[in-house]
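Coordinate-derived values only; no laboratory data. The structure displayed is predicted, hence computed values, not measured ones. Cβ: placed from backbone, ideal geometry, glycine included. Neighbour counts: every protein chain shown.
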Amino acid sequence: MDQQDDRAFLRQFSGIIVGLFLLTVALIFVARWMQPDPDADANPSQQILAEQRILPVGAVRFGEEGAAALADAQVAALPAAEDVVVDAEAVYAGLCKVCHEAGVAGAPITDSEQMTARLDEKGLDTLVSNAINGLNAMPPRGGNPALTDEQIRAAVEFMLP
């Protein structure tokens, strides 16, 4: 009787282990299937900044030709000013909306009388400066140091009524 109980226990235990393993594998596949494509919502200006950050730090140069070639390569890798995409709605949705939609920590609510009052009281340049440098609970550049001043200004203007 002891051997039969042990075998029954081992059979049940093995079944539970196999079931948990299959559940884990199924959850992994479901999670991978539900994961969004990272390139689908990629901000072009973020991609340009990432490409800038991974440029080589140094190179071996031989004579004037090597120096000229390196300078040309670095200039070609830098985006022109018009290449940086200023998508105010994307910046707002990615950073600002979290606090400014609900008024978290005293943040003025977007498209409200609070924003109009602050605009009238301080002016657009001061609001942009506060967004760039941070104010009270708001971190500088909304917590994303990769944002350009133009992107910050566009997001502030997008939030105004």
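Return the FRET efficiency for the residue pair E121, D87: r is the Cβ-Cβ distance, R0 is 30 Å, and the value is rounded to the nearest 0.05.
0.60
When Lys and Arg each count +1 and Asp and Glu each count -1, what net charge do the other residues less than 13 Å away from A146, Cβ to Cβ, add up to?
With Lys, Arg at +1 and Asp, Glu at -1, the net is -1.
For an R0 of 22 angstrom, estimate the FRET efficiency from the Cβ-Cβ distance between L27 and K97 and round to the nearest 0.05.
Efficiency at R0 = 22 Å is approximately 0.15.
Starting from the 7 Å offset along Cα-to-Cβ, what nm value, one decimal, do you get for the label separation of I16 and L160?
6.5 nm
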